[in-house]
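The values are calculated or read from the model by the stated rules, or taken from the named source; none is laboratory data. In this text the structure is predicted, and so the values were computed from the model without any measurement. With ideal geometry, Cβ positions are generated from the backbone for all residues, glycine too; neighbour counts draw on all protein chains shown. For the accessible areas, the whole protein counts, side chains as well, though only heavy atoms, and no ligand, DNA or RNA atoms are used. Shrake-Rupley method; radii C 1.70, N 1.55, O 1.52, S 1.80 Å.
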Amino acid sequence: MTTGDNEQRMWNPFANMAALAGHAINIVGGERSTVFDASGRAYLDALASLWYCNVGYGRTELAEAAEAQMRGLAAFQTFEFYTNSAAESLCRRIAELAPVAEAKVILTPGGGSDAVDTAGKLARAYWRAAGEPDRQIIVSRSHAYHGMNAYGTSLGGIPLLTEAFAPLVGQVEQVPWDDPAALEKTIELVGDSRVAAFFCEPVIGAGGVYPPPPGYLAEVREICRRHGVLFVADEVITGFGRVGEWFASGRFDLDPDLITTAKGLSSGYLPIGAVICSQRVAEPFWRTGSNEVFRHGYTYSGHPTAAAVALANLDLIEREQLVSRVAALEPVLTEAVTPLAEHELVSAVRSGTGLLAAVEIAGDALAPDPGLGQRLVLAIRERGVITRLLRGIALQISPPFVITGTELATIAAVFGDALDEVSSRL
Ligand SMILES: Cc1ncc(COP(=O)(O)O)c(C=O)c1O
């Protein structure tokens, strides 16, 4: 085998290794919204890494929380009999913050994909335990991204990411992302006695940052209620403040049966996620005398060090009032990026739900020139800002909550300059 760099052993996610080997950018540190590479070059991170570094880089108190926990109990399993104080405290804290009455919390060890697979299995297990074992179908939406494990891949609505693999899990159905009537029609077509759950990102993220069309969420929520279908809010991106409230479920009054979370729970300082369960879903398993067991869990479920870091992260968000900061920055971001919609290479700019925005590249420019999007990403990076392409068509903006108004203006200005440069070379 000949490769670009025979010394390289790391195989990066989503990378063309034939081109990347030996050329990856080595990030060595960070401070607030800026990261530094090994050559000392600074980049303003318009992504908060992958939508997660909400408290920003260089927060030594999170390292201290990890160290303190590791000096006590670094790790111990939580299967069946065992628990630990950090995990218990974190679950209590999440239950207090979540817009779900009397919530129970299942901690997951990795990113959002673990939370999604846990919620998918729990939805099915719930219906078995509730005496309706035929309810096994899960419905998701076009443009949806629910992670890369088996359930998440099968529920995904981005064909490029699913067509080589899905369906890994059977009994999934997909509906257009913006059409409540299509959801109801699908439920009626397959029969509501067979539908377990509807998975819904309140704001579609990796599919291109699509805030919900007006009224959409209220309508699909009501349809699920009418048909007894569990409503699962996938808040892996939106959870813990990104839309200017602790949860998008609160902002949009979703009253979900399950919420999946990860990313912002720890700001990524250690991997950890959580599935927040309503009383309805918990009841068959927690009811006095019940023999129902959710036979699911991971070696590192309830990992005390990850839990301690997540707790310290939530403390920090509260102490610095970062959730209200996001709400205050929402119009600032919109004002900064909206003028980009005037550019000839841009077909749309989406924003308006917290610190989330996307700049969509005009289809008539992309179609004859598919490399255009990556050239823009590179031109933006050359100007010191990190972004990436979503679904091949849109540039992502999801900065840390500590970003300043001036930095948001810089991101918009750099996007504008890069668009000008790239269009001048067409
Ligand atoms: C809505 C949503 N669900 C699930 C996931 C999967 O999370 P992870 O990549 O941390 O496994 C993501 C990741 O971006 C996501 O945006």
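Some observations on this one:
- For the range 319-418, alpha-carbon Rg over 2.2 N^0.38 Å: 1.07
- Descending semi-axes in whole angstrom, ellipsoid equivalent of the range 110-163, from the Cα gyration tensor: 22, 13, 7
- Net charge contributed by nearby residues that have their C-beta within less than 14 Å of E330 (K/R +1, D/E -1): +2
- Protein accessible area in the chain, 1.4 Å probe - carbon and sulfur %: 53 percent
- Value of D in µm² per second that Stokes-Einstein yields for the range 229-330, Kirkwood Rh from Cα pairs, at 37 °C (0.692 mPa s): 219 µm²/s
- Placing unit charges on the Cβ atoms only, positive for Lys and Arg and negative for Asp and Glu, gives the range 326-426 a dipole magnitude near 360 debye about its Cα centre.
- Using θ = phi - 60° in the Karplus curve 6.51 cos²θ - 1.76 cosθ + 1.60, the 3J(HN,Hα) couplings for the range 277-288 round to 10, 6, 4, 4, 6, 6, 3, x, 8, 9, 3, 3 Hz; x is entered for Gly and Pro.
- Anisotropy class of the range 159-263 from Cα gyration tensor, a/c 1.5 cut: oblate
- Long-range tail of P(r) for the range 138-212 (Cα pairs > 15 Å, %): 50 percent
- Charge context of N54, other residues only, Cβ under 12 angstrom, K/R +1, D/E -1: +3
- According to the Cα-based calculation, Rg over Rh for the range 281-370 is 1.25, with Rh computed by the Kirkwood formula.
- Between the range 238-292 and the range 4-50, the Cα center-to-center distance that results, in Å: 32 Å
- Solvent-accessible surface ranking, highest first, for S424, S267 at 1.4 angstrom: S424, S267
- Accessible surface for the chain, divided over its residues, is 44 Å² per residue with a 1.4 Å probe.
- Cross-link partners of K104 among lysines (Cα-Cα below 28 Å; sequence separation of 8 or more within a chain): K121, K263
- Anisotropy class of the range 1-160 from Cα gyration tensor, a/c 1.5 cut: oblate
- Solvent-accessible surface (1.4 angstrom probe) belonging to S142, in square angstrom, nearest 10: 30 Å²
- Distant-in-sequence amide H partners of L390 (H built 1.01 Å from N, under 5 Å): L395, Q396
- Rule-of-thumb Rg ratio for the range 253-301 [Cα; 2.2 N^0.38 Å; N residues]: 1.41
- Expressed to the nearest 5 percent, the antiparallel share of DSSP beta bridges inside the chain is 65 percent.
- For the chain, the C-alpha radius of gyration divided by 2.2 N^0.38 Å, with N the number of residues, is 0.98.
- Vicinal HN-Hα couplings computed from phi for the range 228-237 (Karplus, 6.51 cos²θ - 1.76 cosθ + 1.60; Hz; Gly/Pro x): x, 6, 5, 9, 10, 8, 7, 10, 4, 8
- In the chain, taking the dipole from charged Cβ atoms about the Cα centre, the farthest positive-side position among F294, Y126, L314 is held by F294.
- Over the chain: helical MRE at 222 nm, DSSP H runs n ≥ 4 each giving -39500 (n - 2.57), nearest 500: -11500 deg cm²/dmol
- Accessible heavy-atom area order of W286, W51, highest first, probe of 1.4 Å: W286, W51
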